[in-house]
């Protein structure tokens, strides 16, 4: 059958995106970037719509982040924000991604602004997962800024959203709240949260973070041996997942518990 060129172009676009996502899941950043760039070029050349172009740029930014190209990832998201025809859901996701990237660069105030904006834009039907994620990100960022009271207020927002969110998002928020509890010396509550998570299948993306928090909790219980065992497992999980940020965090935790790094 002789399909119109627009249909053939969109089919090729979808094929590029699917292959890029597969490469991203395999942690092959270079291949993923090639496919997402090609998808974006197709979306632009054949005018497949701003939604398609935006999706390709968001995916490209995630591949660039995986490769450690944070400036390039920020540029991709900035280009996506300039698209006039994208919906509020994509715009909210863009602001949340920007917040994550600025946070990784250590620009915590700018990151907080972006994530709060994402949270506010996420007040659309079906936006509860994004709002839970954005609010949880704000919790982490305020902790890094030393503003524990603001972090606590945002933790309440995150929990309220997480109650209606997907199970994996609830787990992410629970870990962020446990982090807040440990940072504010609510060790008993942190232990209860971690204990509940221990009794359910944990999303693989959260394994290293969970084990880091468990290591910290055991350390505060005075059980250095179990703390070190959890820290080693956290680093192992991060390496298996090829997650640069988790590897860095787990390495710091292990070094600190071994007495090689200041608290």
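Can you find even one residue in the range 159-170 that is surrounded by fewer than 21 Cβ atoms within 10 Å (Cβ to Cβ), over 16 Å from the mean Cα position of the chain (by Cα) and assigned to a helix (DSSP H, G or I)? Looking for residues that are surrounded by fewer than 21 Cβ atoms within 10 Å (Cβ to Cβ), over 16 Å from the mean Cα position of the chain (by Cα) and assigned to a helix (DSSP H, G or I), one finds at least one in the range 159-170, hence yes.
Among the residues of the range 86-106, those that are surrounded by fewer than 16 Cβ atoms within 10 Å (Cβ to Cβ) and more than 25 Å from residue 167 (Cα to Cα) comprise 87, 105, 106. The single condition among (1) within 20 Å of the chain's Cα centre (by Cα); (2) in the same structural domain as residue 245 (by TED's automatic domain parsing); (3) over 17 Å from residue 245 (Cβ atoms) that residue 223 does not satisfy is (1). Summed over the range 232-252, the residues that are free of Cβ contacts under 8 Å to residues at least 60 places away in the same chain and farther than 10 Å from residue 208 by Cβ give a count of 4.
Checked against (1) at negative phi; (2) outside the structural domain of residue 120 (by TED's automatic domain parsing), residue 242 passes all but a single condition, namely (1). A single entry from 145, 141 fulfils the requirement of being under 26 Å from residue 178 (Cβ atoms), touching a residue at least 12 places away in the same chain (Cβ under 8 Å), surrounded by fewer than 24 Cβ atoms within 10 Å (Cβ to Cβ) and touching a helix residue (DSSP H, G or I) at 6+ places or on another chain (Cβ under 9 Å): 145. Those helices (runs of 4 or more DSSP H) of the range 1-97 in which 3 or more residues are touching a residue at least 40 places away in the same chain (Cβ under 8 Å) occupy 5-25, 50-66. Being closer than 30 Å to residue 157 by Cα, surrounded by fewer than 17 Cβ atoms within 10 Å (Cβ to Cβ), in contact with a helix residue (DSSP H, G or I) (Cβ under 8 Å, 6 or more places away or on another chain) and not assigned by TED's automatic domain parsing to the domain that holds residue 244 is a property that does not hold for residue 77.
Only residues that are loosely packed, with under 13 Cβ neighbours inside 10 Å and assigned to a loop (DSSP other than H, G, I, E, B) were counted across the range 192-214, and they come to 3.
Select from the range 103-125 the residues that are closer than 19 Å to residue 150 by Cα and under 13 Å from the mean Cα position of the chain (by Cα) and list them in ascending order.
Quick first cut of the range 103-125, residues closer than 19 Å to residue 150 by Cα only: 103, 106-120.
Result: 103, 111, 115.
The values are calculated or read from the model by the stated rules, or taken from the named source; none is laboratory data. Just so you know, these numbers come straight off a predicted model, no measurement behind them. We place every Cβ from the backbone using ideal geometry, glycine too, and count neighbours over all the protein chains shown.
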